[in-house]
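Asker: Here it is: the structure, laid out below.
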Amino acid sequence: MSIILDANAPKGGIPKLPQRGQVSWFEIILLLACIGVVASGVAHGLMDVIVLSFLFAGLALAWNIAGGYAGLISFGHSAFFGVGAFTSTILLTRHDLSPWIGIWIGALIAAAFGSILAIICARLRGPFFILSTLAFAEVVRIIALNWASLTGGPEGLSIPPTSSLADMVFASKSVYAALMLGYLVVVYGITKGLEASRFGYYLFAIRDNEDAAAAAGVNPLAGRAAAMALSAALTGIGGSLFAQYFLYLDPTYLISPELSFQFALLPAVGGLGTAIGPVLGSFLITPLSELLRSYFGSAAAGLHLVIYSLGLLGVMLYFPSGLAGALNKLTRRRPFS
Amino acid sequence: MSALLEVRHLSRSFRTVPAVNDVSFAVREGELLGLMGPNGAGKSTLFNLIAGVLPPSAGEIIYDGKTVTGWKAHDMARVGIARTFQIPKPYRQLSVIENVMLSAFLREKSTAGARRVAATTLEEVGLGEFAESPASALTVGLLKRLEVARALAMRPKLVLFDEIMAGLTPTEVGAMTSFVAQLPARGITVIWVEHVLYAIMKTATRMIVINRGKQIAEGTPAAMARDPAVVKAYLGEEIAIA
């Protein structure tokens, strides 16, 4: 039996939301375009921008799992990035362990750091949570800087630039581009899978209403810890890949508020809590900041940052739900969030 | 019939103010127990204690033969206790069907399975046509119905309804009343708080009345309407007119 509706329905009907987890034509075309760019072997200087755009797209997606889906806005993700980078590099340079294995160990340690952070901050919400993540990364940075016997301290660590598949060091930037694209595709796949899975829904529930989530049998603390662990692990993998590309690790750059903000900024520009958003954010912002630096960086000190900031303000003002939201409107669908 | 839920000497104070004070009662399987009391009587606090949102200051909760005192809300949900919120708490960024799917996930691992359960439940409460709409677009009356759908999609053994009639038209109240009335036959025991008294009077098998945190009466709906203590709680002291 069912209840009959009266005049309670809003006039003119209510807009519909699209279903999650489906792969659109836009995504397929974008992927093919990325593969095409890697295969075409564009100019050496441009390839650098492409490598970083792919890497940061993956990192933005990783951040988005915690920040966008579970509502755990973190300004401390550079800690996980640093943990991943240092773990695989220390294992490679001191213990001769291939990064192909070291990356996973780094991911595990980063995941442990992530769940610890979520548990420490169990009772904190909103700005208090955000500030704690920032402080957490600072603690990790200071430890990394002072534990010189492990991390090399302020001098950092270097990976010998001898091209070798076993050591994951390559002469060609195209190989790095392919590697980063692989990372991006894997993190994207995980995100899409998450969107359509029970665990993913649990994260949405914890983000939108924790009381209701608990009433539906979801353990909010366990969900937050798991989301943070997954997000941190994927960020740690990105850190290891960055180390293999850059071949030099500096704790002050790797674990810094600037980098943490960057991880949060890309999904915010692209569209929080969507899969395509962080990718679009990185594809727009990473080349922009790199190109602006190379064109205007020498012309007038700081000019590239002014242009960069104006661009960001423009996006935030005119596309409050990010590039993904604007894209959804273009295709006359309602935004996800 | 055995007791599905039993509370013994349950108390909860906020600082020094006792919101629930030494309340004891039992609900048998298949019962539809009405819980009534004036504003501020402690009905919602009592629900929050049973649902595990608040730990009791004293007393015991026994559910299905197990002592569950102090269990968390998500543990209570897992053993089969569902509840609605007096002020609806939808997941605003999700669609209506996704809101219900989240409850269905308690017993269904797969997204497709949860979607099937959610779709059936939405039809039952008359929200079928809004399945793909964002929950943030629903009116208050529809949100109350969404609360009911979310509770039922958990396939609970015991459900706590907290004022699910507010914002409904008289026709809808009638429909919702007969809907709730048939739940015990489906194996769902109900404890129901409602300010729309005629609805609850018509359907409840038994009623408990609390006032100022204390249980003041218990019996059939008809007996409650005549009980001097109940009348006094709602209308105040009888005034002697000379």
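Asker: When the helix-only estimate is applied to chain A (DSSP H runs of n ≥ 4, each -39,500 (n - 2.57), divided by the residue count), what is the mean residue ellipticity at 222 nm, nearest 500 deg cm²/dmol? List each step's numbers first, then the result.
Answerer: Working: 15 runs with 234 residues, N = 337.
Here the helix-only value at 222 nm equals -23000 deg cm²/dmol.
Asker: Based only on other Cβ atoms within 10 Å, what is the fewest-to-most ordering of B:205, A:235? Provide the component values of the computation, followed by the final result.
Answerer: Details: B:205 16, A:235 33.
Placing the least packed residue first, the sequence is B:205, A:235.
Asker: OK, next. Run the helix sum for chain B: -39,500 (n - 2.57) per DSSP H stretch of 4+ residues, divided by residue count, reported at 222 nm to the nearest 500 deg cm²/dmol. Show your work: numbers first, answer last.
Answerer: Details: 9 runs with 84 residues, N = 242.
After summing the helix terms and dividing by the residues of chain B, the value is -10000 deg cm²/dmol.
Asker: For segment A:194-265, build the convex hull from the C-alpha positions and give me its volume per residue in Å³.
Answerer: Details: hull volume 8.1 nm³, N = 72.
Convex hull of Cα atoms, per residue: 113 Å³.
Asker: In Å and whole numbers, how far do the C-alpha atoms of segment B:121-242 stretch along each principal axis, longest first?
Answerer: The Cα atoms of segment B:121-242 stretch 63, 31, 26 Å along their principal axes.
Asker: Percentage of Cα-Cα pair distances in segment A:64-203 greater than 25 Å, rounded to whole percent? Could you put the intermediate results ahead of the total?
Answerer: Details: 3787 of 9730 pairs.
Here the tail beyond 25 Å accounts for 39 percent of pairs.
Asker: Still on this structure, I have one more. How large is the translational diffusion coefficient of chain B in µm² per second when you combine the Kirkwood radius over alpha carbon pairs with Stokes-Einstein at 4 °C and 1.567 mPa s? Don't skip to the answer; put the middle values down first.
Answerer: Numbers: Rh = 18.5 Å.
Result for D is 70 µm²/s.
Asker: Using the alpha-carbon atoms, what tilt in degrees (0 to 90, nearest 10) does helix A:77-95 show relative to the longest principal axis of chain A?
Answerer: Result, in degrees: 40.
Asker: Out of the DSSP beta bridges found with both residues in chain B, what percent are antiparallel (nearest 5)? Could you put the intermediate results ahead of the total?
Answerer: Details: 21 of 37 bridges.
In chain B, DSSP labels about 55 percent of beta bridges as antiparallel.
Asker: In what order do A:207, B:83 fall by count of nearby beta-carbon atoms within 10 Å, going from fewest to most? Before the final figure, lay out each step's value.
Answerer: Details: A:207 23, B:83 28.
So the ranking, lowest neighbour count to highest, is A:207, B:83.
Asker: So, one more: Could you pull out the pairs from B:43/B:144; A:192/B:89; B:66/B:202; A:329/B:109 whose alpha carbons sit more than 23 Å apart here? Write out the running numbers ahead of the final one.
Answerer: Details: B:43/B:144 18 Å; A:192/B:89 27 Å; B:66/B:202 32 Å; A:329/B:109 33 Å.
Checking Cα-Cα distances, A:192/B:89; B:66/B:202; A:329/B:109 exceed 23 Å.
Asker: For the protein assembly as shown, what proportion of DSSP beta bridges, expressed in % and rounded to the nearest 5, is antiparallel? Could the numbers behind the result be given before it?
Answerer: Values: 24 of 40 bridges.
Once the DSSP bridges in the protein assembly as shown are tallied, antiparallel ones form about 60 percent.
Asker: Debye sum, Cα scatterers, chain A, no solvent: what log₁₀ I/I(0) at q = 0.08, 0.12, 0.15 1/Å?
Answerer: After summing over all Cα pairs, the log10 values are -0.39, -0.87, -1.33.
Asker: Suppose a student asked you for the relative contact order of chain A, using Cα pairs under 8 Å spaced at least 6 residues apart; what percent would you report? Don't skip to the end; give the middle numbers.
Answerer: Values: 533 pairs, mean separation 103.6, N = 337.
RCO, chain A: 31 percent.
Asker: Next question. With N set to the residue count of segment A:92-141, report its C-alpha Rg divided by 2.2 N^0.38 Å to two decimal places.
Answerer: Working: Rg = 14.5 Å, N = 50, 2.2 N^0.38 = 9.7 Å.
Dividing the Cα radius of gyration by 2.2 N^0.38 Å gives 1.49.
Asker: Give me the angle, in degrees from 0 to 90, between the Cα long axis of helix A:173-195 and the longest principal axis of the Cα atoms of chain A, rounded to the nearest 10.
Answerer: Tilt relative to chain A: about 30 degrees.
Asker: From the mean inverse distance of alpha carbon pairs (Kirkwood) and the Cα radius of gyration, derive Rg over Rh for the protein assembly as shown.
Answerer: Working: Rg = 28.6 Å, Rh = 26.6 Å.
Rg/Rh for the protein assembly as shown comes to 1.08.
Asker: Between helix A:99-120 and chain A, what is the angle of the helix's C-alpha long axis to the longest principal axis, kept within 0 to 90° and rounded to the nearest 10?
Answerer: It is inclined by approximately 50 degrees.
Asker: Here's something else I'd like to know. So how strong a dipole does segment A:144-283 carry about its Cα centre when Lys and Arg Cβ are +1 and Asp and Glu Cβ are -1, to the nearest 20 debye? List each step's numbers first, then the result.
Answerer: Values: 5 positive and 8 negative charges, 62 e Å.
In debye, rounded to 20, segment A:144-283 gives about 300.
Asker: Give, in whole angstrom and from largest to smallest, the semi-axes √(5λ) of the equivalent ellipsoid of segment B:1-67, with λ running over the eigenvalues of the Cα gyration tensor. Mind dumping the intermediate values first?
Answerer: Numbers: eigenvalues 87, 40, 16 Å².
Square roots of five times the eigenvalues give 21, 14, 9 Å.
Asker: Still on this structure, I have one more. With both bridge residues required to lie in segment B:147-242, what share of the DSSP beta bridges run antiparallel, to the nearest 5%?
Answerer: Values: 5 of 10 bridges.
Taking every DSSP beta bridge with both residues in segment B:147-242, the antiparallel ones total about 50 percent.
Asker: Can you list the equivalent-ellipsoid semi-axes of segment A:133-251, largest first and in whole Å, using the square root of 5 times each Cα gyration tensor eigenvalue?
Answerer: Numbers: eigenvalues 248, 96, 13 Å².
For segment A:133-251, the semi-axes come out at 35, 22, 8 Å.
Asker: If eta is 1.567 mPa s and T is 4 °C, what Stokes-Einstein diffusion coefficient results for segment B:29-127, Kirkwood Rh from Cα pairs, in µm²/s?
Answerer: Details: Rh = 15.6 Å.
The calculation lands on 83 µm²/s.
FYI, it's all coordinate maths here, none of it is from the lab. Just so we're clear, the structure is a prediction, and the values are computed from it rather than from any experiment. Neighbour counts are summed over all protein chains in view; Cβ atoms, including those assigned to glycine, are modelled from backbone coordinates with ideal geometry.
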